[in-house]
Every structure is written in structure tokens, then in C-alpha cells.
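Please read the structure below before turning to the comments.
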Amino acid sequence: MRSRLLVLFAAICFATTGTSRALGPDSATSLGVAAIRFIVGAIALFAITGLVRKPNVTTVSLPLYIWIIAGFGQAMYGATFFAAVHETGVAIGTVVALGSAPILTGVLSAVLFRSLPTRTWMLATAAAIAGMSLIVLSGNDTNVSVPGIAYALAAGLGYALFALASKRIVESGVTSDVAMSRVFGIAAIMLAPTLFFVNTDWVVTQGGISLGLWLGIVTVALAYWAYASGLAHLEPRETTMITLAEPVVATMLGALVLDERPAALAWLGIVVVIVALACESLNNASNVKH
């Protein structure tokens, strides 16, 4: 249960991304925000590692490709997710990206590791995706962009790759702070060159500094430290399932902070997602691997 709560805390941190971006500078580009978020987040994670790491901790040797896959998956998710919500809207982009992540994670787990998902997981995931679909259907904007959907699916695939590779890393004995600092360091290196091709004037403004610090420290450093800590004792597809709470919290933040009042259908979708998460968590308690 502690592991699930850590992943849920991470999902709540993730959910603030859209609201904080909406409150940030209008001149900020999606790709620029993603790059700054990862750079600040990587620096914060390395700082956390330096503060909490014990001197007698040994470094675990892993194949380089595992680290590259994890970093690439996260960079792919970060870059394509912002592009998806820009092209096809926050609601549809979020649902397709986060809804496809657990499905793709389960498929990759089955194909690569012959780890078949349980019936409970499949039913709970289907219910959660149905709940998020209700949130989308409650909105007035039903425009669907084909490039936006493609970006969202790419984001889901990136997140699935990150979840599977991160599971391999933490299972090997690497501590969560070391694992995430290295993974996000790789992702930041991959995205940093994009800053040469986008507008970065917003970065040095008061709003830009606040946005960069919040996204980097809260939605990356704290969120993924908690995520990795929970991932150590959970299946990757289960963690991606729990993080489906993100659109639920994001909807609530939109109502409280941005004065976006969800319709009754949206609130029904929120309840469906919460129930699905609760049922999945309770029914899988005996399957947690320690």
C-alpha cells in the first residue's frame, strides 16, 4: 500500500503540469517547456541524490542500453505529450496518452517478458479509460487532430518504455534517487539541443522562472523520486494504471484554480476512475512483488 501511495503522490504532482503551464508565460513553446522542465528536474534529482545517498552505497552495473531506453522513453513522452495537447487539446491528448500507456505497457510486458496481465488489471484499466472518456465527452471541444492523436500515442509508448526500463533498473538494486537522476539526466541531454530552435525569452521572466522551478522540482524531482520508490515493489503495468489518476486530479485543479467547471458527465467519469483505481489496488494486494 505504501508503494501505491507513493505512485499516487507522483500522479498528483504530474497533474499540476497542465495547470501550471496554463498559468505560465504565453510565449513559452511546448518543446521549450519540456526541455526546461527536464533540465531543472535533472539538476534537482542530482541534488537530492547528493543529499540522501549514503557513502557505503554500491553502484550497480547495468547494460548501457537499459539506461538509454529509460531516458529516451521519458524524453519521448515529455516532448510528444506537450505536442499532443497542443494539437488536439488537453483532454483528448491526456486521455489518449495516459490511456494508451498501461495498454502498451501490458502488451510490451507480454511480448518481451511473457508476463500476462491479470483479468482484474484488464477490467480495471478498461473501466479507468472509460471514465476518462466520459471526462472528454463532457467537454464542448470535440475536435480530434490526427497528428495530435499520433503524438499522444507516441507519448504513451514513451511512457511504457520508461516504465519497463525503470522497473529493470530499480529491480537491480539501484536506489530510486540514483536511478531517476541518471534517467532524467539522459533525457535532459537528449532534449537540451532543441532550445537552440525555439523561443527561450520567457525563461528569464518571473513567470518563466516560477514555471521552470515548479515543473522541474515538483513534477519531475519529487514526483519521479516517489514514482521510482513505488515502482520497486509494483509491476510496471500497475504503476501506469495508478497514474491514470492524473487526469482526475487535473480536472479538479482546473475547476478550483482555472475556474473550469466540469459537467455532471465529467464528475461521473472522475468517480469511475477512482473506483477502478481502488478496485485494482485492493485486488492486486496479494500479487505485489517484494
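How far is it, in nm, from the label point at CYS279 to the one at THR194 when both lie 7 Å from their Cα along the line to the Cβ?
3.7
What's the FRET efficiency of SER172 with LEU268 using the Cβ-Cβ distance as r and R₀ = 30 Å, to the nearest 0.05?
FRET efficiency, SER172 to LEU268: 0.10.
What distance in nm lies between label points placed 7 Å from Cα along the C-beta direction at ILE209 and LEU112?
4.1
Applying a 10 Å radius around every beta-carbon, put 148-159, 19-30 in order of their mean neighbour count, most first.
Highest-to-lowest ranking by the protection proxy: 148-159, 19-30.
Can you give the charge dipole size of the chain about its Cα centre, rounded to the nearest 20 debye, using +1 on the beta carbon of Lys and Arg and -1 on the beta carbon of Asp and Glu?
880
Starting from the Cα gyration tensor of the chain, take the square roots of the eigenvalues, sort them a ≥ b ≥ c, and report rounded, prolate or oblate (rounded when a/c is under 1.5, otherwise prolate if a/b is larger than b/c, else oblate).
Cα axes put the chain in the oblate bin.
Spelling out what I want: for every residue of the stretch 67-72, take phi, set θ = phi - 60°, compute 6.51 cos²θ - 1.76 cosθ + 1.60 (Karplus), and round to whole Hz; glycine and proline get x.
5, 5, 4, 4, x, 5
Sort 80-87, 176-183, 187-194 for me by packing, meaning the mean count of neighbouring Cβ atoms within 10 Å per residue, highest on top.
With the highest mean Cβ count within 10 Å placed first, the list reads 176-183, 80-87, 187-194.
Charges on Cβ only, +1 for Lys and Arg, -1 for Asp and Glu, centred on the Cα centroid of the chain; of SER145, LEU234, ALA84, which one is farthest towards the dipole's positive end?
In the chain, that residue is LEU234.
Measuring from label point to label point, each 7 Å out along Cα→Cβ, what is the ASP259 to SER145 span in nm?
2.6
Using a 1.4 Å probe on the protein chains only, how many percent of the accessible area of the stretch 143-209 belongs to carbon and sulfur?
Using a 1.4 Å probe with all protein chains present, the stretch 143-209 comes out at 68 percent carbon and sulfur.
Just read off the accessible area of TRP267 with the full protein assembly in place, 1.4 Å probe, to the nearest 10 Å².
Looks like 110 Å² after rounding.
Give, in nm to one decimal, the length gained when the segment between SER61 and MET122 is fully stretched (0.36 nm per residue of separation minus the Cα-Cα distance).
18.5 nm
The values are calculated or read from the model by the stated rules, or taken from the named source; none is laboratory data. Computed from a predicted model, the values in this text were never measured in an experiment. We place every Cβ from the backbone using ideal geometry, glycine too, and count neighbours over all the protein chains shown. Surface areas here come from the heavy atoms of the whole protein model, side chains and all, with no ligands, DNA or RNA. Shrake-Rupley method; radii C 1.70, N 1.55, O 1.52, S 1.80 Å.
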